[in-house]
Amino acid sequence: MTAIDPTAHLTAEQIEELGRELDAIRDEVLADRGEKDAAYIRKVISAQRKLELVSRGVLLFSFFPPAWLLGTAGLSVAKIMDNMEIGHNILHGQWDWMRDPKIHSTTWEWDHVSPADQWKHSHNELHHTYTNVIGKDNDLGYGIMRVDEDQKWHPFHLGQPLWNFINACFFEYGIAAYDLELGKNLHKRRRKNPEFRARAKAVGRKIRKQVLKDYVIHPLLSGPSFLTTLAATFTANLVRNLWTHSVIMCGHFPEGVQVFERRSINGETRGQWYLRQMMGSANISGSKAMHFMTGNLSHQIEHHLFPDLPSNRYAEVAVKVRALFEKYELEYVTGPLPKQVFSAWRKVFRLSLPNKKPKIKTPDREQELVAA
C-alpha cells in the first residue's frame, strides 16, 4: 500500500519463478529432516522443564533477595522458551513429522491463557494466510492500531502508543482476546452465538487454570515465601509478555515492511503469496542465543515463507532466501533488536497522528480502508 511498489520491477514470470525457487528450498529441507532435528526439539523441551523445575525450587526460598532474583530470571527464561521455541513451533506442526504423540500440534498445550486450538486457527490459518492484509490479519496492529497512512485517522488513534504498551504487558491476554475476535463478537447478537460462547468458555477455563497454577498453587507451595513467589511469577509473566510482544512487533511492524489491501490478494498465485510474505516480514539480526530466545522468529521472513519447517533450520534457510532477495532486487528488512524495536515503536507513534498531507484516494479504496 506504499506510494512506490517495491516489487513493481518484477514481471509475472519472474514472480512465479521466485515461487518455484522457494518451493525447491522448502522441499530440500523437508527431505533432509531426521534424527538430528528430532534430538534438537527433545533436548530443548527437556532443558526447559528442568530450568522451570529448578527455578521454582529456588523460589521456595524467595524471601532471600538473591534467591528471588535467580528464581525469577530462570522462570522468565523458562516461560519464554515454552512459548517461543517450543509451543509456537510445535503448534505450527513443525515437528508433526516425528509422529511423537507427546510432541505434536494436535496434543500440545502451552503455558498460555490462549487455548492451543483457538490460537492455531487465528495464527496458523488466518495470520499466515493473510499476512499483513489490513482487515484480514489480526496480528497486524493486534486489531487495535492504525497501521498504515492510508487508513483513516480518528482521535482514538492518539492513544495507540498507550494501548500498545498495555497490550505488551498483558500480551497473552491480548492474544486470547483477538483469538476470540472480540472486536466483532462483543455485539449482543453475536455474543449469543453458540460457537462464540463455547470458545469464550474455553478461554475462561484456560485462564482459570493458568491463574490457579501461577498465582495460587505455586505460591502456596512456597509456604513462607508465598508473597515473594507470587511477585516472582507475576514478574516472569510480565517479562515473557514484553519479550514476546517485542519479537512479534519486530517481525511485522518496522519501517520498510509492507502492508496490503484486501483486494490485492484476489486471485493470488503461489509466487505472489511467497512475495507477500517476503515483503510483509522483517528479521532481527544477532547471536545464536538471541535467535533461540526468539523461538527463531528472528528469522521471521523465513518463518512466514516456510511456517511448517523445523525452527532449527531457519538459520541455514536464511542464507538461501537472502540470496533470492538480492537476485530479484528486493529489500531484506533486518537489523539488531534495539534498532527494530525502535523502528516499530516509532511507527506506532507516527501513525497515532493524522497525516501531514492527506492522500487522495478513490472512493472504492477509501471505503475498503475505513472498513478495515
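The values are calculated or read from the model by the stated rules, or taken from the named source; none is laboratory data. Because the structure is predicted, anything quoted here is derived from the model rather than measured. Note: ideal-geometry Cβ built from the backbone for every residue, glycine included; neighbour counts use all protein chains shown. Accessible surface is based on the protein model in full, side chains and every heavy atom, while ligands, DNA and RNA are left aside. Shrake-Rupley method; radii C 1.70, N 1.55, O 1.52, S 1.80 Å.
Run down D37, D96, D32, D100 and say which single residue is in contact with a His (Cβ under 9 Å, 6 or more places away or on another chain) and over 22 Å from R240 (Cβ atoms).
Among D37, D96, D32, D100, only D96 is in contact with a His (Cβ under 9 Å, 6 or more places away or on another chain) and over 22 Å from R240 (Cβ atoms).
Tell me which residues, restricted to the stretch 124-140, are touching a residue at least 40 places away in the same chain (Cβ under 8 Å) and open to solvent by less than 20 Å² (accessible area, probe 1.4 Å).
Matches in the stretch 124-140: H128, T131, N132, V133, I134, D139, L140.
Within the stretch 246-276, can you find the residues that are under 21 Å from V348 (Cα atoms) and touching a Leu at 6+ places or on another chain (Cβ under 9 Å)?
Of everything in the stretch 246-276, those that are under 21 Å from V348 (Cα atoms) and touching a Leu at 6+ places or on another chain (Cβ under 9 Å) turn out to be S246, V247, I248, C250, G251, H252, F253, V259, E261.
Which one of these is closer than 30 Å to L238 by Cβ, out of contact with any strand residue (DSSP E or B) (no Cβ under 8 Å at 6 or more places or on another chain) and either hydrophobic (A, V, I, L, M, F, W, C) or at pLDDT 95 or above (or both): K36, K43?
Values: K36 fails: closer than 30 Å to L238 by Cβ.
Only one candidate qualifies: K43.
Looking only at residues in the stretch 286-301 that are under 11 Å from the mean Cα position of the chain (by Cα) and assigned to a helix (DSSP H, G or I), which one is surrounded by the most Cβ atoms within 10 Å (Cβ to Cβ)?
S298
Do you know which residues across the stretch 260-271 are surrounded by 19 or more Cβ atoms within 10 Å (Cβ to Cβ) and part of a helix (DSSP H, G or I)?
G271
With the requirement that a residue be open to solvent by less than 10 Å² (accessible area, probe 1.4 Å) and free of Cβ contacts under 8 Å to residues at least 60 places away in the same chain, what does the stretch 217-230 give you?
Result: P219, single match.
I'm checking my understanding of the structure. Among residues of the stretch 146-176 that are crowded, with 22+ Cβ neighbours inside 10 Å and among the aliphatic types (A, V, I, L, M), which one is nearest to the chain's Cα centre (by Cα)?
I175
Answer with yes or no whether R322 is open to solvent by 20 Å² or more (accessible area, probe 1.4 Å), out of contact with any strand residue (DSSP E or B) (no Cβ under 7 Å at 6 or more places or on another chain), closer than 28 Å to E13 by Cα and at pLDDT below 95.
no
Exactly one of these conditions fails for V333: (1) assigned to a loop (DSSP other than H, G, I, E, B); (2) under 18 Å from V247 (Cα atoms); (3) touching a helix residue (DSSP H, G or I) at 6+ places or on another chain (Cβ under 7 Å). Give me its number.
(3)
Inside the stretch 231-259, can you point out the residues that are open to solvent by 50 Å² or more (accessible area, probe 1.4 Å) and farther than 21 Å from P161 by Cβ?
F234
Would you check which residues across the stretch 11-30 are touching a Gly at 6+ places or on another chain (Cβ under 7 Å) and open to solvent by 40 Å² or more (accessible area, probe 1.4 Å) and list them?
Within the stretch 11-30, just E16 meets the criteria.
Tell me, which residue of the stretch 79-121 that is of a type in the set (G, A, S) and open to solvent by less than 10 Å² (accessible area, probe 1.4 Å) is nearest to V44 (Cα to Cα)?
G87
Out of R56, R33, which single residue is out of contact with any Ser or Thr (no Cβ under 9 Å at 6 or more places or on another chain), of a type in the set (D, E, K, R) and open to solvent by 10 Å² or more (accessible area, probe 1.4 Å)?
Working: R56 fails: out of contact with any Ser or Thr (no Cβ under 9 Å at 6 or more places or on another chain).
Step by step, each of R56, R33 is checked, and only R33 is out of contact with any Ser or Thr (no Cβ under 9 Å at 6 or more places or on another chain), of a type in the set (D, E, K, R) and open to solvent by 10 Å² or more (accessible area, probe 1.4 Å).
Under 7 Å between Cβ atoms, at least 6 apart or on separate chains: pull out the pairs that start in the stretch 308-327 with a residue that is closer than 13 Å to E85 by Cβ and end on any residue that is assigned to a helix (DSSP H, G or I) and charged (D, E, K, R).
P310/D37; S311/E85; N312/D37; Y314/E302
Quick one: A236 ticks every box in (1) touching a Lys or Arg at 6+ places or on another chain (Cβ under 8 Å); (2) farther than 21 Å from D111 by Cβ; (3) at pLDDT 90 or above; (4) of a type in the set (A, V, I, L, M, F, W, C) except a single one, so which number is it?
It is condition (2) that A236 fails.
Please go through the stretch 338-353 and pick out each residue that is surrounded by fewer than 14 Cβ atoms within 10 Å (Cβ to Cβ) and more than 15 Å from F165 (Cβ to Cβ).
P338, R350, L353 - these are the residues of the stretch 338-353 that are surrounded by fewer than 14 Cβ atoms within 10 Å (Cβ to Cβ) and more than 15 Å from F165 (Cβ to Cβ).
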